[in-house]
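Notes follow the structure.
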Amino acid sequence: MTAAPAKYQTRPVADSGQHEPPAIVRFAGNKARFAYDEFFAGEENSHTERAYRHAVTRFLAHCETLGVALHQITPGILSDYLKKLQAEIKTRHGQPQRFRPASKPMKKLHLAGIRKFFDKLVERHAIMLNPALSVRGPKHSVTEGKTPALSVQQARQVLGSIDTRHALGRRDRAIIAVMIYTAVRAGAVAKLRRRDFYNDGRQSMLRFDEKGGKIRDIPVRHDLETFVEEYLESAGQSADDSPLFRSAAGRTGKLSDHGMTQNDVLRMVKRRFAEAGLPSNRLTCHSFRATTITDLLDQGVPLEDVQYLAGHSDPRTTRLYDRRKKQVTRNIVERISI
């Protein structure tokens, strides 16, 4: 391999849809370019994949500033990079850009994305060894997730506050009910097509394309079935491959032919939280998922059944969504017999 130049003709590593290789990859030759293109070509635009791409582009830009070639990147370079990693703080328009030390979860996510990218380089024989393999991320263990949940009463409050005299209100009620009564993520709801709401001869079903490419069919309970059917009646006829939940046509109060994006769903949910008098700055679409899981566990539903509904491969992940009070009480410490 050719040694790296003293200094690259660097430019910002763009996060564009074309994923043009940065200088450090172009200089490494055709095998590196092929691996880079292959790594990003497999992207399905999920949150995790976008985060991996961002991690890789940031790290490669850092290596370019150091003037090292792709094959010269060492575990020490990556380890030092992670220790000094900064997270951007969102500021209001006109204020200077601010940064803070990256959190442990952020560092672990960056390491995972970089490690995966270098695995691809090794697989395509662009480099000999993966420098990320021996790098250990910071230890981070949690027993409960951070996503705030609603109470059962608050969830009912959100559903009851929606004006369903028009198509948009019926759409919003149906979307929120889907998240509550199936515990799926907003991204899976946004992907739904008209054909994904169907009857299998016994009951109505919803077919979800979920995180990690999982396809799951979940039965539709009777009140959710009513909400979806009332929305579809208001929306009018649509083809099987058309979006199930359509976006608003500007401020007309009517529906367009385009499907809602995940961000559209989030903005709608935030607005409905605010209208219901709930703290929209804290609550998110994922709050419905935490609410449903907590409610089922609180009723004594077996963990494995709740885990299956949530689509988790590990029961420990399901436990992170349990918002039942788990704390050391005075009663416990008073019972110490010393």
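The values are calculated or read from the model by the stated rules, or taken from the named source; none is laboratory data. Here the structure is a predicted model, which is why all the values come from computation and not from measurement. For neighbour counting, all protein chains shown are included, and Cβ atoms are generated from backbone atoms with ideal geometry for every residue, glycine included.
Among the residues examined, residue 59 qualifies as closer than 29 Å to residue 262 by Cα, under 24 Å from the mean Cα position of the chain (by Cα), at pLDDT 95 or above and aromatic (Phe, Trp, Tyr).
Answer with yes or no whether residue 231 is surrounded by fewer than 20 Cβ atoms within 10 Å (Cβ to Cβ) and among the aromatic types (Phe, Trp, Tyr).
Details: surrounded by fewer than 20 Cβ atoms within 10 Å (Cβ to Cβ): no; among the aromatic types (Phe, Trp, Tyr): yes.
Here the answer is no, as residue 231 does not meet what is asked.
Note on segment 114-133: among residues that are touching a helix residue (DSSP H, G or I) at 6+ places or on another chain (Cβ under 6 Å) and assigned to a loop (DSSP other than H, G, I, E, B), the one that is nearest to residue 87 (Cα to Cα) is 132.
Take residue 217 and tell me if it is at pLDDT below 95 and either farther than 29 Å from residue 165 by Cβ or of a type in the set (Gly, Ala, Ser) (or both).
On the way: at pLDDT below 95: yes; either farther than 29 Å from residue 165 by Cβ or of a type in the set (Gly, Ala, Ser) (or both): yes.
Spelling it out, residue 217 is indeed at pLDDT below 95 and either farther than 29 Å from residue 165 by Cβ or of a type in the set (Gly, Ala, Ser) (or both).
Do we find that residue 244 is more than 14 Å from residue 174 (Cα to Cα) and of a type outside the set (Gly, Ala, Ser) in this structure? Against the criterion (more than 14 Å from residue 174 (Cα to Cα) and of a type outside the set (Gly, Ala, Ser)), residue 244 does not qualify.
Taking each residue of segment 269-282 that is loosely packed, with under 15 Cβ neighbours inside 10 Å and looking for partners that are part of a loop (DSSP other than H, G, I, E, B) and at pLDDT 95 or above with beta-carbon atoms closer than 8 Å, six or more apart or interchain, yields 275/161; 275/162; 277/161. Does residue 165 satisfy the condition of being surrounded by fewer than 16 Cβ atoms within 10 Å (Cβ to Cβ), of a type outside the set (A, V, I, L, M, F, W, C) and over 23 Å from the mean Cα position of the chain (by Cα)? So residue 165 fits the description; yes.
Of 184, 152, 178, all but one fail to be touching a Phe, Trp or Tyr at 6+ places or on another chain (Cβ under 7 Å), closer than 21 Å to residue 285 by Cα and among the hydrophobic types (A, V, I, L, M, F, W, C); the exception is 184.
Considering segment 283-299, the residues that are part of a helix (DSSP H, G or I) and polar (S, T, N, Q) include one that is surrounded by the fewest Cβ atoms within 10 Å (Cβ to Cβ), namely 294.
Screening residue 171 with (1) in the same structural domain as residue 263 (by TED's automatic domain parsing); (2) under 21 Å from residue 311 (Cα atoms) gives one miss only, at (2).
Scanning segment 262-293 for residues that are hydroxyl-bearing (Ser, Thr, Tyr) and at pLDDT 90 or above turns up 284, 287, 291, 292. In segment 91-113, the qualifying residues are those that are surrounded by 10 or more Cβ atoms within 10 Å (Cβ to Cβ) and in a loop (DSSP other than H, G, I, E, B), and the one that is modelled with the lowest pLDDT is 91.
Taking first residues from segment 53-71 that are under 16 Å from residue 26 (Cα atoms) and partners that are of a type in the set (S, T, N, Q), the Cβ contacts under 7 Å between residues at least 6 apart in sequence or on separate chains come to 64/10; 65/10.
Using the structure shown, decide if residue 209 is over 20 Å from residue 288 (Cα atoms) and modelled with pLDDT under 95. Working first, answer last.
On the way: over 20 Å from residue 288 (Cα atoms): no; modelled with pLDDT under 95: yes.
So residue 209 fails the test.
Select from segment 67-81 the residues that are surrounded by 15 or more Cβ atoms within 10 Å (Cβ to Cβ) and part of a helix (DSSP H, G or I) and list them in ascending order. Even if it seems obvious, please write down each step before you answer.
Taking segment 67-81 as the starting set, the residues that turn out to be surrounded by 15 or more Cβ atoms within 10 Å (Cβ to Cβ) are 68-73, 75, 77-79, 81.
Selection gives 70, 71, 72, 75, 77, 78, 79, 81.
Being at pLDDT below 95 and assigned to a helix (DSSP H, G or I) is a description that does not apply to residue 88.
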